[in-house]
Amino acid sequence: MILTEDRLQDLLDKSLAELPHGTEWAVTLEGSIAEGFGNPSSDIDFLLVGRSDDDLPTMPSLLFVDGRRVEIRTRSVRQLADQLRAVEEGAERPGRLSEDLLNRCQRVLHSHPLRGHALVEEVKAMLPVERFRRITADWWAHRARQSLRHAMALLCLGASDEAVDWTRAGLVQTVKSWAAGLGETYLEPKWLSMQLDRTGRTDIRDRYWELETAAPRPGDADAAQDHLTACLAFAEDLGLSGVPRRPERLTVERVAGVTTWQTGERVHVIRGRRDVFALGHDAGAVWRSLVLGRPLPRVRATAADTGVADPGRLLAAFLRYGLIRLAWKGGGTVTPALPLAAPPGPVTPPPSTAQPLLSVRGAAVGGPRAIDLMPLPADRFAAAAMALVWSNVVVENAVEDVTGALQRGQWRVAELTARRAVHAALRGLFSAHGVHPLPADSDLVRRTDLLPPVTAPIGAHAGELLRRGVDSAEDGDALLAELRSYIALVRGAVGADSFPLSFDSADTWRATLQLGHDWLRVGAHLGAELPIEEARDLLAGQGAQPHQAL
């Protein structure tokens, strides 16, 4: 160690003097200095072990003693026994063993007793060091397999730069597994050079560093392939099994809770009943080409048949966002992970900034290759979309009623029905921007400050129409013309300018029902509030009206 026994005892005395008195502790030094590593900047990590069964805090106390940073952790014998037992019980499934748990146990088992030696050794005896070596080696081996399989997949998808990074991760994990089998179980990779030196195997050490420094430059796909092949050969020489150079063993599989919903040409993918991803034209074409359960190279080839350029990048994005998963034939899901990093799992990108968010034909997207996350949860997304469609149906009905009232000279009826059309169009405008639940109709004009400034003219126009009266045929004609102009303005702003003239003919009504049905399916799946009770019948009839002759 870089510190003498006397120096450690002195630091311990001064540290204990700053802690509350009254508890008898066994004390052991853990961490990099106890392992024989460390430098003048390394922490002094003291673990205080008590006989009690209490749940002692996990968070350390940080002290500054004689110019050194000292961390004091406390653990009861029961807590340590529980941790060591959990490692032993989890050994059969190394992929599920927590890195934090393994690290805590490793630090205890390789610690240097300073006081209460008998108690410290009693704790260590709960998990023999040879057994712990095997568990740690298996844990690293599992991670190495996952990283190298993931690198193989990324190369298949044309993401060579990402593949190089995961190849390097797999290389580190492979050699850490090998070193752990020789007793070098310290988890942090930063001391790997010293660990390799201590194994005495200069041939392994030198080959590792040769591969580590030979990682190709960005953009060189051929070199990335060669590097992965060399690392796989090295891994095999070190005894790592389960990673032959056979990408066809990788299959594309369904992810639980991921569903697909299409409205018009827009494909929406819902993840975990919460997150909605809207796919641009190219991304949607690649998504629709997927046949789950097929080998990855075949899936990529099928995606290429869509005519979309570089479809592998889109498949890699689907994988990154957790919309699909990869499995290794006979080896389960591929779940790569890095030490001391964020936990593995799907990435959630920043929400889309497109405005408005919704149109009657689907969510707005940023481009043909977009895989955009909607900035509102799935149930609100579906409810807002259904409200958008229904508001347009109400607008169509109201305009028809205004026209009929004006033909009969029913000025007050036309006045009130026009206001209904104005409010319904505003509800569509708010819904298209993801506002749900909606403000009351009487408050809609005042709440346009919730929307982007570009919509201000629509709000002003709505306010003018709501104040208009009708006392003559001339007033009525002018109101109807302005109402149609206002509706066109709103629909143009929310992508509903192609909305069917619902009550014009049987064909336009059928088109309206089909459009509504597309969104109702999403809403019903998510348990979102339906816009009207009749919508349940439309859903049950799969988009057809209930009293239709067969």
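Each value in this text was obtained by applying a stated rule to the coordinates, not by laboratory testing. Values in this document were obtained by computation on a predicted structure and should not be read as measured data. So basically every Cβ, Gly included, is an ideal-geometry build from the backbone, and we count neighbours across all protein chains shown.
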Checklist entry - So how strong a dipole does the chain carry about its Cα centre when Lys and Arg Cβ are +1 and Asp and Glu Cβ are -1, to the nearest 20 debye? => result 1020 debye
Checklist entry - Where does helix 202-213 land angle-wise versus the long Cα axis of the chain, in degrees 0 to 90, nearest 10? => result 30 degrees
Checklist entry - What length, rounded to one decimal in nm, is gained on full extension from Asp237 through to Glu400, with 0.36 nm per residue of separation minus their alpha-carbon distance? => result 50.8 nm
Item to check | FRET efficiency, Ala221 to Asp10 (Cβ-Cβ, R0 56 Å, nearest 0.05) | outcome: 0.45
Next on the checklist: Just to confirm the number: angle between the C-alpha axis of helix 5-16 and the first principal axis of the chain, 0 to 90 degrees, nearest 10?
Outcome noted: 50 degrees
Checklist entry - Using mean Cβ contacts within 10 Å as the protection proxy, how do 88-97, 416-425 order, highest first? => result 416-425, 88-97
Next on the checklist: Give the separation of the Cα centroids, the stretch 142-178 to the stretch 28-48, in Å.
Outcome noted: 31 Å
Checklist outcome for this item: For Arg294, placing the label point 7 angstrom along Cα-to-beta-carbon and taking the stretch 239-261, residues whose amide nitrogen sits under 20 Å are 246-256, 259-261
Next on the checklist: Order 404-412, 480-488 from most to least packed using the mean count of other Cβ atoms within 10 Å.
Outcome noted: 480-488, 404-412
Next on the checklist: Testing the spin-label approximation: label points 7 Å from Cα along Cα→Cβ at Thr302 and Met59. State their distance in nm.
Outcome noted: 5.2 nm
Checklist entry - Applying 1/(1 + (r/R0)^6) with R0 = 51 Å to the Cβ-Cβ distance of Arg51 and Thr333, what FRET efficiency is obtained, to the nearest 0.05? => result 0.75
Checklist outcome for this item: Scoring the chain by relative contact order with C-alpha pairs under 8 Å, at least six apart, yields a percentage of 10 percent
Next on the checklist: Looking at the calculated P(r) for the stretch 101-186, what percent of the C-alpha pair distances fall above 23 Å?
Outcome noted: 39 percent
Item to check | Selection from His281, Leu296, Thr259 lying farthest towards where the dipole of the stretch 200-320 points positive, charges on Cβ | outcome: Thr259
Item to check | Extension reserve of the Arg134-Asp475 stretch, reckoned as 0.36 nm per residue once the Cα distance is removed | outcome: 113.9 nm
Item to check | DSSP beta bridge pairing in the chain, given as percent antiparallel to the nearest 5 | outcome: 80 percent
Checklist entry - How far apart, in nm, are two points set 7 Å out from the Cα along the Cα-to-Cβ line at Asp43 and at His21? => result 2.8 nm
Checklist outcome for this item: Under the helix-only model (-39500 (n - 2.57) for each DSSP H run of 4 or more, divided by the residues of the chain), the mean residue ellipticity at 222 nm, to 500 deg cm²/dmol, is -16000 deg cm²/dmol
Checklist entry - Put a dot 7 Å past each Cα toward the Cβ at Arg412 and Ala309; how far apart are the dots in nm? => result 6.5 nm
Next on the checklist: Rg/Rh for the chain to two decimals, with Rh computed the Kirkwood way over all alpha-carbon pairs.
Outcome noted: 1.15
Item to check | Relative contact order, percent, the stretch 408-498 [alpha-carbon distance under 8 Å, six or more residues apart] | outcome: 38 percent
Next on the checklist: Less than 26 Å apart at the alpha-carbon level, and either on another chain or at least 8 residues along: which lysines does that give for Lys190?
Outcome noted: Lys124, Lys176
Item to check | In degrees, nearest ten, helix 221-237 long axis to first principal axis of the chain (Cα) | outcome: 40 degrees
Item to check | Cα gyration tensor shape of the stretch 256-373, rounded if a/c is under 1.5, else prolate or oblate by comparing a/b with b/c | outcome: oblate
Checklist entry - How much length is gained on full extension from Glu121 to Ala230, taking 0.36 nm per residue of separation minus their Cα-Cα distance? => result 34.9 nm
Next on the checklist: Let's test the formula: R0 of 30 Å, r as the Cβ-Cβ distance of Leu101 and Arg201. What FRET efficiency results, to the nearest 0.05?
Outcome noted: 0.55
